[in-house]
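Report on the structure given below.
What follows is calculated from the coordinates using simple rules that are stated; it is not laboratory data. Keep in mind it's a predicted model, so treat the numbers as computed, not measured. Glycine gets a Cβ as well: all are built from the backbone with ideal geometry, and neighbour counts include every protein chain shown.
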Amino acid sequence: MIVLYILLAVVVLMLMVLIHELGHYLVGKKLGFKITEFSIGFGKVLWQKIGKSGEKISLRVFPLGGFCSFYGEDGTEDEKSEVKKDDPDFFTNKHPFKRILVFLAGVTFNFISAIIFSFILLVAFGYGNIYVVTDVNPYFKQGYADPETGLNLIENRDKILKIDGKEISYIWGNTIEKMVTLDEGKTYTLTIQKNETNEIKEVIVLIQENISATYNEETGEHVINLDEEGNPIQTTGIGFSIGMSSQPISFIDALSQCVSFTIGLVWLVLKTLWLLITFQLPLSSLGGTFTVISTVASTVQQSFSALFVYLPLIAANLAVFNLLPFPALDGSHVAFTTVEWIRKKPINRNVEAVIHFIGFVILIGFVILIDLIHFLG
């Protein structure tokens, strides 16, 4: 059965590659560029269709990548390319601005697809950043009782929406774990949504020490936790436990939130890159292509809805990654073309081609390395 989930994960990656390369292809066609081949996958050709103009549409044996090849794209100069210097269809003879648009098209399509996938996720499943009260400790001297009735204002299944007026968001790093410190005597104002009435209330929570107790599901009662000597264990906290749940949101809300949600994903990717660059994140926590396939397959096997979490995340990841100014990536091509536009002449095409080739080899080696570290570590 796991094989089917692995195949599904491969299809997801192929979809992301298709979207990226389709961006290059469609914008290139719109701007009048001559395309020699549009391919999903690398290696031996499994299927290919050749159009009247000689343009090839291909499906190759290794589906973990793809390319959109433009006529004269590398622009290298040798004895055979001399006759092409004045060819208007030659890629490097096109205006730098048009070439930059083509290079940025793949990233743009990935980002747009991330927004679309984010919308689907939010409207169909929601996202697991809704904090719900799962257990209220009755032995806790709680500082959030109703002064008139004496009853607890926080009850099981109530939702916590804000802390001190700040919205909770896992994507933006605003989690309860980061926003609340268990310093005795400290207070927080929680904005909660009552489970039964959906009424929005503000409740002041006091961090304090009191008796620790565990809920017994069989008896439906709380049992006081005792130490080795039989004395009640004291604990410092807010007096209730919380869990996370997902809840679909309305079409209009999903429409209004999908862009900011995607920007949050991009920020999450950038933050991860920064932690990696500053050695605050070990390589073992990352993963290459095969790690992604393995992770997606195993997670989706447990919950199919998890697939819709990965779609916008992978799309945002590809958008950010390809925009980096590293040789062989779209960001690097944009950088070289921008320099050419400013200088009014290109950097030596042969030198640029070698730089991109070395960058490609390094990238492939890095992806293989982090896969090995992940699986062997």
Next on the checklist: At 7 Å along Cα-to-Cβ for each site, give me the label-to-label distance between N350 and S245 in nm.
Outcome noted: 6.8
Checklist entry - Dipole magnitude of the chain about its Cα centre, charges +1 at Lys/Arg Cβ and -1 at Asp/Glu Cβ only, in debye to the nearest 20? => result 2380
Checklist entry - Taking Cα atoms, how many degrees apart are the long axis of helix 251-277 and the longest axis of the chain, rounded to 10 and kept between 0 and 90? => result 80
Item to check | Among N156, V296, S169 the positive-end extreme of the charge dipole of the chain (Cβ point charges) | outcome: V296
Checklist entry - How long is the range 175-234 along each principal axis, judged by its Cα atoms, biggest number first, in Å? => result 42, 31, 18
Item to check | Taking R99, R60 and counting other C-beta atoms within 10 Å, the order from fewest to most | outcome: R60, R99
Next on the checklist: Tell me which trypsin sites (Lys or Arg not before Pro) from the range 323-377 have a DSSP coil assignment and no more than 16 other beta carbons within 10 Å of their own.
Outcome noted: K344
Next on the checklist: Restricting to DSSP loop positions (anything but H, G, I, E, B) with no more than 13 other Cβ atoms inside 10 Å of their own Cβ, which GluC sites (Glu not before Pro) remain in the range 210-276?
Outcome noted: E217, E218, E228, E229
Next on the checklist: Please rank K178, K162, fewest neighbouring Cβ atoms within 10 Å first, as an exposure proxy.
Outcome noted: K178, K162
Item to check | Over 28 Å (Cα to Cα) - which of K178/K201; K271/K344; K166/K271; K49/K94; K29/K344; K30/K56 fall in this group | outcome: K271/K344
Checklist entry - Using the C-alpha atoms of the range 12-62, what convex hull volume per residue, in cubic angstrom, is computed? => result 69
Checklist entry - In nanometres, what is the gap between the two model label sites at V259 and I364, each 7 Å from Cα along Cα-to-Cβ? => result 4.0
Checklist outcome for this item: In units of 2.2 N^0.38 Å, the Cα radius of gyration of the range 130-245 is 1.09
Checklist entry - Based on the Kirkwood radius over alpha-carbon pairs, what is the Stokes-Einstein translational diffusion coefficient of the range 295-377 at 25 °C with 0.890 mPa s viscosity, in µm²/s? => result 160
Checklist entry - For F360, F251, F279, what ranking results if the residue with the fewest other Cβ atoms within 10 Å of its Cβ goes first? => result F279, F251, F360
Checklist entry - By how many degrees, between 0 and 90 and to the nearest 10, does the Cα long axis of helix 289-302 differ from the longest principal axis of the chain? => result 40
Item to check | Angle between the chain longest axis and helix 96-124 axis [Cα atoms, degrees, rounded to 10] | outcome: 30
Checklist entry - Given 0.36 nm per residue, what is the gain on full extension from T272 to E221 after removing their alpha carbon distance, in nm? => result 14.0 nm
Checklist entry - What 222 nm value per residue comes from the helices of the chain, counting each DSSP H run with n ≥ 4 as -39,500 (n - 2.57) and dividing by all residues, nearest 500 deg cm²/dmol? => result -15000 deg cm²/dmol
Checklist entry - Taking the Cα-to-Cβ direction at I211 and at E177 and moving 7 Å from each Cα, how far apart do the two end points lie in nm? => result 3.0
Item to check | Dimensionless Rg/Rh of the chain - Kirkwood Rh, Rg from C-alpha atoms | outcome: 1.11
